[in-house]
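Read the structure below first, then the notes.
The values are calculated or read from the model by the stated rules, or taken from the named source; none is laboratory data. Since the structure is predicted, the reported quantities are computational estimates derived from the model, not experimental observations. Neighbour counts run over all protein chains shown; Cβ positions are idealised from the backbone, glycine included.
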Amino acid sequence: MSGRRALIVTGADLAPQALALLDDFEVVYAGKTPQEADLVALCKQHDPVAIIVRYGKVGAAVMDAAPSLRVISKHGSGTDTIDKDAAKARGIEVRAAAGANAAAVAEQALALLLACAKSVVQLDARMHAGHWDKATHKSVELHGRTIGLVGLGAIGQRFARMCDAMGMKVIGFDPFAQNLPSTIRSVDLATLWRESDAISLHCPLTPENRNLVNAQTLQATKRGVILVNTARGGLVDEAALLDAVRSGQVMAAGLDSFAVEPMAAPHPFHGVPNIVLSPHIGGVTSDAYVNMGVGAAKNVLDVLAAAHA
């Protein structure tokens, strides 16, 4: 053991720019797929003052194994893998690198929206199989259509600007958003389900909004709606979505997050032509990797500096 304070990263690496900020710490990596038992053992061995969360979950057992723990810092914006109630009870701060991956995730949401509206994946497969569907295929034009955004934080607002630039009408629901630009019309959820031609999810997962998109809410949408989810898989009742896609109530879905990750194989979504899938990589770009690492490191330093002030 060195004399330096320990910091555990629940992953196998951290951007060099982030490590440069953490030069005073002994940085310990938990690996790419850390289980709770692994994290508990590492905490008992190193008694970290901070944990940077990339993969896996951090619950009460991990916190109790690290009596010196002062801050749990998320390498990204979603903190649903951290037991925030347990942290609060133990006086441990939970921070997120808010906005660090906003550009990356918003771009992924746009890619999925366009893939759904323009049948990119299906037409590509048909072309590679030697077909030419010009006479029989019509794409959806997004210009003039209404997009409903659930969640208007850094990612949601960035995506809203992209949609506005394409000539879409933007409505949004977020009880916490303030000072919204004039290009976003704030509405309640009932209005959002009713008026949207496409819906994109950009909110954190909470106990209150789990399965927010379900059989009832999908039935309240326009027939032929497009659904995009680059947020958290738990926001969507996957069985209800599959039924809605098969019935045509949902024209297409573009999904980057799932109820269980990695997605089990076989999965009911596999082979469904109107469901476009990506493996939760919305925030995974070289730039976002640096931004999230630096953001997470700065949050650690800020909390620890305040504790010593």
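Miscellaneous remarks
- Residue in the stretch 273-295 that is in contact with a strand residue (DSSP E or B) (Cβ under 9 Å, 6 or more places away or on another chain), under 26 Å from Leu69 (Cβ atoms), modelled with pLDDT of 95 or more and among the hydrophobic types (A, V, I, L, M, F, W, C) present: yes
- Which listed residue is assigned by TED's automatic domain parsing to the domain that holds Ser182, of a type outside the set (A, V, I, L, M, F, W, C) and closer than 24 Å to Arg194 by Cβ, from Lys169, Lys138: Lys169
- Selection from the stretch 122-140 of residues that are assigned to a loop (DSSP other than H, G, I, E, B) and of a type in the set (A, V, I, L, M, F, W, C): Ala129, Trp132, Ala135, Val140
- Entirely in the stretch 146-245, the strands (runs of 3 or more DSSP E) that have 2 or more residues that are under 22 Å from the mean Cα position of the chain (by Cα) and in contact (Cβ under 8 Å) with a residue 40 or more places away in the chain: 146-150, 198-201, 225-229
- Residue in the stretch 184-191 that is within 18 Å of Thr79 (Cα to Cα) and surrounded by 15 or more Cβ atoms within 10 Å (Cβ to Cβ) present: no
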